[in-house]
Amino acid sequence: MTSNTVEKKQNKAEKLCCFLLSLLPIIFFLGNGVGNSLVIIIDILFLFILIRNKEISFLNDFTFYLLIIFWLILIGNLIISINIENSLGRSVGFVRFILLVFALKYFLQFKKIKLKEFIFKTWLFFFIIILFDLIFEIIFGFNTLGFSSYMPGRLSGFFNQELKIGHLFLSFFLINLSIILYFKSSSSQFNNRLIKNFNNNHLFFLILLFILISFFIGERSNFIRCIIMSILFFIIVSKEWVKIIKFVIISFLITTIFLMSSKNYHWRYWQAFLKPLISNPVKFVKNSYYGSHYKTAIQVFENNRLYGVGLKNYRIEVQKDKYTKLSSIHPHQVHFEILSELGIIGYLFFISFVFISILRSFLSFKNTKDYFVLSSMLYFITILLPILPSGSFFTSFGATVFWINYAFMTSSRKTQNLNE
């Protein structure tokens, strides 16, 4: 086989892998099975590329070894879980996320900048479509495909009856804002006039729009995360304190106006959430729907302190007579989920992993001022906030968007000032 033929095969594999990575933000609209299949194909292609290009050393990275240790802890936990068969797929299958992280990192740091920018352009295109669809649903009560939420005060978007569009929106809105900032500051051939002229005023109004859309999506915990991420991102990137104060005030006023003027949102955010929370925070959490799950998760942990019950076995354990009967299959909070399923040993490593990752990313951002590192680090921190409800950490959808953000968080490049 000639060197020309080998190079063409390498290029085809790289382009195909790049194309599949570009589909990640929308693939779960087609279901978890399709999403998992895509991730596995990306992993296989990525390994093929590394072997063909003789670049296995790319995996010789501190982050890779940290994730491998975490995976080995999951494998070790599998052996002593209360139901090995139930935990097997989730424990062994975690390796696909490790490879996904490095497949994405490979293209983010890739010498062929056109492939990386293809991913960015495609993600931005998909995100604009999702934004338009959500705005359409806000106005008409159903989205562009005719889907509507079964729950008042919630949006469904392209997920139809699965109300998780807020999680997807939260996972990608700052990444796409960073993509805009990347094209604004880079020497890319992407000469869109709006992006090239992007400045702090545009940043101000765009983030306000994101907060407003997150409010209308109606996922309260993700709305809180969105506000935290948005304010911190704007403070760090803008550095214009007058605009920062205006931003906070206007954000508060706009959301308050919509909260008071809509019966559904007034009930959802004020009557059922803020009013009882302000009145008695401890009592509110304790007596809430999520509080009952937290209490049960603590009971599961207390009965299985050292190793937990094993991944995906919480749903089996809580069916025992000693627990209050619940319909949920996970504790709805990432810290309680890990404590109950991995025990104190798994949780201590996880917390160590979290602090090491945040510290390394903070130092990376401090040195490079990379907006991608900043946006994903803010997501990483807010998604792991205690008390706030969350989806299951290890499910296909939640884990995929989490580890996509982790890939950006641990990859960096130098950026220019927004106003340059």
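Taken over region 292-341, the residue count meeting the criterion of being charged (D, E, K, R) and assigned to a helix (DSSP H, G or I) is 6.
Of all residues in region 42-61, those that are surrounded by fewer than 18 Cβ atoms within 10 Å (Cβ to Cβ) and either more than 27 Å from Ser357 (Cα to Cα) or of a type outside the set (A, V, I, L, M) (or both) total 10.
Selection of region 111-150 for residues being assigned to a loop (DSSP other than H, G, I, E, B), surrounded by 15 or more Cβ atoms within 10 Å (Cβ to Cβ) and of a type outside the set (Ser, Thr, Tyr) yields Asn143, Phe147. Remark: Phe64 falls outside the filter, which requires a residue to be buried (at least 18 other Cβ atoms within 10 Å of the Cβ) and assigned to a helix (DSSP H, G or I).
Residue selection: Phe94 satisfies the criterion of being crowded, with 18+ Cβ neighbours inside 10 Å, of a type in the set (Phe, Trp, Tyr) and more than 16 Å from Phe408 (Cα to Cα).
Cβ separations smaller than 6 Å between residues 6+ apart or across chains give no pair from region 122-136 residues that are free of Cβ contacts under 8 Å to residues at least 12 places away in the same chain and over 10 Å from Ile26 (Cα atoms) to residues that are of a type in the set (Gly, Ala, Ser) and not in a helix (DSSP H, G or I). Might you check whether a residue that is outside any helix (DSSP H, G or I), farther than 19 Å from Ser390 by Cα and modelled with pLDDT under 85 occurs anywhere in region 267-288? Yes, because at least one residue in region 267-288 is outside any helix (DSSP H, G or I), farther than 19 Å from Ser390 by Cα and modelled with pLDDT under 85.
On the stretch given as region 67-90, residues that are of a type in the set (Lys, Arg) and surrounded by fewer than 16 Cβ atoms within 10 Å (Cβ to Cβ) total 0. Pairs meeting the criteria (first residue in region 83-105 and part of a helix (DSSP H, G or I), second residue surrounded by 19 or more Cβ atoms within 10 Å (Cβ to Cβ) and basic (Lys, Arg), beta carbons under 7 Å, at least 6 apart or on different chains) are Asn86/Lys312; Ser87/Lys312; Arg90/Lys312. Candidates are the residues of region 259-302 that are surrounded by 15 or more Cβ atoms within 10 Å (Cβ to Cβ) and of a type in the set (Phe, Trp, Tyr); the one that is farthest from Ser214 (Cα to Cα) is Phe301.
Checking Ser149, Ser87, Ser81 one by one, the residue that is farther than 17 Å from Ile49 by Cα, among the hydroxyl-bearing types (Ser, Thr, Tyr) and out of contact with any helix residue (DSSP H, G or I) (no Cβ under 7 Å at 6 or more places or on another chain) is Ser149 and no other.
Number of residues in region 373-393 that are at pLDDT 90 or above, part of a loop (DSSP other than H, G, I, E, B) and out of contact with any His (no Cβ under 8 Å at 6 or more places or on another chain) equals 2. When we screen His293, His332 for residues that are closer than 17 Å to Phe393 by Cα and touching a Gly at 6+ places or on another chain (Cβ under 8 Å), the only hit is His332. Given the structure, is Trp123 modelled with pLDDT of 95 or more and under 25 Å from Asn304 (Cβ atoms)? Criteria not met by Trp123.
The values are calculated or read from the model by the stated rules, or taken from the named source; none is laboratory data. Being a predicted model, the structure only gives us computed values, none of them experimental. Please note: Cβ atoms are built from the backbone with ideal geometry, for glycine as well, and neighbour counts cover all protein chains shown.
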